[in-house]
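Below: the structure, in structure tokens.
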């Protein structure tokens, strides 16, 4: 799937997964994002590569409609 402006992605910052919005697409793999941390403080990152781990972005894990996420799914989503 190719990212586009306005899509929601997950970014790993400081060892935790944070939701962010795509602000610019450099390529199919590198984007600029903006979002809010757990305290409501804004953050922005530029030239973020796709991947797993610190400083990378990835698509949010899918949860079936109408079914809440399990504790295991929540824990996995917050892992770097």
Kindly put 30, 46, 12, 2 in sequence by how many other C-beta atoms sit within 10 Å of each C-beta, fewest to most. 2, 46, 30, 12
In nanometres, the difference between 0.36 nm per residue of separation and the alpha-carbon distance of residue 74 and residue 62 is 3.2 nm
Using Cβ contacts closer than 10 Å as the measure, can you line up 63, 11 from fewest to most? 63, 11
Report, for the chain, the % of DSSP beta bridges that are antiparallel, rounded to 5. 95
With viscosity set to 1.567 mPa s and temperature to 4 °C, compute the Stokes-Einstein D of the chain, Rh being the Kirkwood radius across alpha carbon pairs; µm²/s, no decimals. 100
Based solely on its DSSP helices, what 222 nm [θ] is calculated for the chain when runs of n ≥ 4 H residues each add -39,500 (n - 2.57) and the sum is averaged over all residues, nearest 500 deg cm²/dmol? -2500 deg cm²/dmol
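Where a number appears in this text, it was derived from the coordinates with a stated rule and is not lab data. Since this is a predicted model, take the numbers as computed values, not measurements. Glycine also receives a Cβ, built like all others from the backbone with ideal geometry; neighbour counts cover every protein chain displayed.
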